[in-house]
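Visitor: Sending over a structure as structure tokens; questions will come in a sec.
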Amino acid sequence: MKYVKQSLNALCLLALTASAFSQTHEVLMKNRGSAGPMVYEPDYLEIQPGDTVKFIRKHKSHNAASIAELSPAGYPGFIGKIDEEIAVKYDDAGFYGIKCTPHYAQGMVMLIKVGNATLPDTYREFKAPGIADKRFQEIYSRIDKQ
């Protein structure tokens with residue numbers, strides 16, 4: 001019985017320790033920012049598995065939603081409601097494309113790198129609508145320079 005109690009205490013301590021190292025990153029959803037109109041700030045994040053990204057509405061009519069073509073295979077994705085602040089936890093390594101549904105073609109996109117991942121070639125081959133494609137190419141260029 002003493003062994004079971006010690007094991008449970010160790011497991012609880014391990015769980016608390018792991019969650020203590022995870023972080024929450026804030027992304028602002030804005031009508032205008034340093035990169036121009038309809039932006040997420042920042043538009044590129046590097047985080048660790050277990051971290052959370054909180055999408056914060058700074059102006060009306062924005063949301064955050066995953067882009068299926070720019071997500072790891074099997075990722076179920078998410079769609080936040082318009083004007084909703086949403087927190088998304090990322091447990092698996094990979095790259096995750098994010099869009100504002102009503103402003104996607106206007107270039108309101110971002111990319112999140114989780115853990116030790118390599119940008120898949122299929123991401124570069126994907127053509128996002130309108131200005132979104134240009135913004136993704138700019139993000140890819142910054143990644144290449146790292």
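The values are calculated or read from the model by the stated rules, or taken from the named source; none is laboratory data. Bear in mind that the values here come from a model prediction, so they are computed numbers and not experimental data. Ideal geometry is used to build each Cβ from the backbone, glycine not excepted, and the neighbour counts take in all protein chains shown. For accessibility, only protein heavy atoms count, side chains too; no ligands or nucleic acids. Shrake-Rupley method; radii C 1.70, N 1.55, O 1.52, S 1.80 Å.
Visitor: Which whole-number percent is the relative contact order of segment 23-112 (Cα, under 8 Å, 6+ apart)? Don't skip to the end; give the middle numbers.
Guide: Working: 199 pairs, mean separation 28.9, N = 90.
It comes to 32 percent, rounded to a whole number.
Visitor: I've got another one for you. Give me the dipole magnitude in Debye, nearest 20, for segment 24-144 about the Cα centre, with unit charges on the beta carbon: positive for Lys and Arg, negative for Asp and Glu.
Guide: 480 debye
Visitor: Per residue, what accessible area does the chain have, given a 1.4 Å probe and all protein chains present, in Å²?
Guide: Numbers: 8590 Å² over 146 residues.
About 59 Å² of surface per residue is accessible.
Visitor: Using only Cα atoms, find the angle between the long axis of helix 131-144 and the longest principal axis of the chain, and express it within 0 to 90 degrees, rounded to the nearest 10.
Guide: 50 degrees
Visitor: Mind ordering 118-125, 79-86, 134-141 by average Cβ neighbours within 10 Å, highest first? Kindly include the intermediate steps, with their values, before the conclusion.
Guide: Numbers: 118-125: 12.0, 79-86: 14.1, 134-141: 16.0.
Descending mean neighbour count gives 134-141, 79-86, 118-125.
Visitor: Let me ask something else. Over all alpha-carbon pairs in segment 66-146, figure out the percentage whose distance exceeds 14 Å.
Guide: In whole percent, the share of Cα-Cα pairs in segment 66-146 beyond 14 Å is 62.
Visitor: Counting only Cα, what are the radius of gyration and maximum Cα-Cα distance Dmax of the chain, in Å?
Guide: 17.7, 64
Visitor: Within the accessible area of the chain, what % is carbon and sulfur when the probe is 1.4 Å and the other protein chains stay in place?
Guide: Exposed carbon and sulfur together represent 55 percent of the surface.
Visitor: Which whole-Hz couplings ³J(HN,Hα) result when phi for each residue of segment 92-103 is put into the Karplus expression 6.51 cos²θ - 1.76 cosθ + 1.60, θ = phi - 60°, listed in order with x for Gly and Pro?
Guide: Values per residue, Gly and Pro as x: 10, 4, x, 10, 10, x, 10, 9, 8, 3, x, 10 Hz.
Visitor: How big is the antiparallel share of DSSP beta bridges in the chain, given as a percent to the nearest 5?
Guide: Taking every DSSP beta bridge with both residues in the chain, the antiparallel ones total about 65 percent.
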